[in-house]
Amino acid sequence: SLLAESKRTAGYRAAEMVEDGTVIGLGTGSTVFFAMERLGERIGDGLSIAGVPTSYQAAQRAREYGIPLTTLDEHPEIALAIDGADQVDPGLCLIKGRGAAHLREKCVADAADAVIIVIDAAKMTGRLDAVVPVEVLPFACGLVSRRLKDLGGLPALREGVKKDGPIITDNGNFVIDSDFGEIPDPVSLERQIAGIPGVLGSGLFTTFSGKIRVVVGEGREFRIV
Ligand code: DER
């Protein structure tokens, strides 16, 4: 499909940016998996790297492609993180978290000197208006829902599809998806959500714009913004 081709184009291009002998961040999601596929090929050609996975799924996929794994503790500074996104605005603010991996992804993005976001073109938007995923401490779920409403959100606990009841993240927490409609000031909204006791992290990534490059795949073509 055109969508898969666009994701593959973006992922493969990002994989070419990885330098030999470096430690990189491995994001979660279907687009990053194309980057991992290409990295597996480059490793076969002699590339020597290690990856910090941001989820059980990323770790599993990295092992399938023969990408050596390491941890954020061993490498609290990494050269490059490759990750996906759900929405990207012109200021390179992101909404992430469709895959409920955004808490570890945000840690890895913070540790990275540069962040490559790989997306298909449909994810570029003039203004962020997607649902904002929020990882919450189960104990505080009701309080966080109340506080998200105070901020103008419509919160909904993310339920499992093949599991009855709420999904549980790789960190053992719940996810509340909060619909704020259009978000005029994502920087302050990220900060306000982070300040709610019981919130571990949201899918708003507004503090990394200075070190983000976005590879936008469109069919076989790509552009870097
Ligand atoms: O969950 C996440 O943060 C993922 O990065 C997601 O935002 C992008 O996943 P996709 O590449 O499968 O669309």
- Message: Exactly one condition in (1) part of a strand (DSSP E or B); (2) closer than 23 Å to Tyr12 by Cα; (3) within 15 Å of the ligand (Cβ to nearest atom) is false for Val134; which is it?
- Response: (2)
- Identify, by number, the condition in (1) surrounded by fewer than 24 Cβ atoms within 10 Å (Cβ to Cβ); (2) among the charged types (D, E, K, R); (3) in contact with a helix residue (DSSP H, G or I) (Cβ under 8 Å, 6 or more places away or on another chain) that Asp83 doesn't meet. (1)
- Item | Failed item, numbered, when Lys7 is tested on (1) assigned to a helix (DSSP H, G or I); (2) of a type in the set (D, E, K, R); (3) more than 11 Å from the ligand (Cβ to nearest atom) | (3)
- Looking at region 182-224, which of its residues are farther than 19 Å from Asp129 by Cβ, in a loop (DSSP other than H, G, I, E, B) and not polar (S, T, N, Q)? Gly195, Ile196, Pro197, Gly198, Phe208, Gly219, Arg220
- Task: Tell me which residues, restricted to region 17-62, are part of a strand (DSSP E or B), more than 14 Å from Glu105 (Cβ to Cβ) and either among the hydroxyl-bearing types (Ser, Thr, Tyr) or touching a Pro at 6+ places or on another chain (Cβ under 9 Å) (or both).
- Result: Ala50
- Note on the structure: Selection from region 33-70 of residues under 21 Å from Val115 (Cβ atoms), more than 17 Å from the chain's Cα centre (by Cα) and β-branched (Val, Ile, Thr) yields Ile49, Ile67, Thr70
- Among the candidates Gly99, Gly142, Gly66, Gly152, single out the residue that is part of a loop (DSSP other than H, G, I, E, B), under 17 Å from Val175 (Cβ atoms) and modelled with pLDDT of 95 or more. Gly99
- With (1) away from the ligand (no atom under 16 Å from the Cβ); (2) under 23 Å from Val214 (Cβ atoms); (3) among the hydrophobic types (A, V, I, L, M, F, W, C) as the list, and Val32 as the residue in question, which single condition is left unmet? (1)
- With respect to Ala14, is the statement that it is within 15 Å of the ligand (Cβ to nearest atom) and outside any loop (DSSP other than H, G, I, E, B) true? yes
- Message: Being more than 15 Å from the ligand (Cβ to nearest atom), out of contact with any Leu (no Cβ under 6 Å at 6 or more places or on another chain) and within 29 Å of Ser1 (Cβ to Cβ) is true for just one of Arg146, Arg127. Which residue is that?
- Response: Arg127
- Query: In region 158-182, what count of residues is obtained for those that are more than 18 Å from the chain's Cα centre (by Cα) and either more than 21 Å from Lys106 (Cα to Cα) or touching a residue at least 60 places away in the same chain (Cβ under 8 Å) (or both)?
  - Reply: 10
- Query: Of the conditions (1) within 10 Å of the ligand (Cβ to nearest atom); (2) of a type outside the set (Phe, Trp, Tyr); (3) under 22 Å from Val216 (Cβ atoms), Ala100 fails just one. Which one is it?
  - Reply: (3)
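The values are calculated or read from the model by the stated rules, or taken from the named source; none is laboratory data. The shown structure was predicted, so the numbers you read here are calculated from the model rather than taken from an experiment. Here the Cβ is made from the backbone with ideal geometry for all residues, glycine too, and neighbour counts use every protein chain on show.
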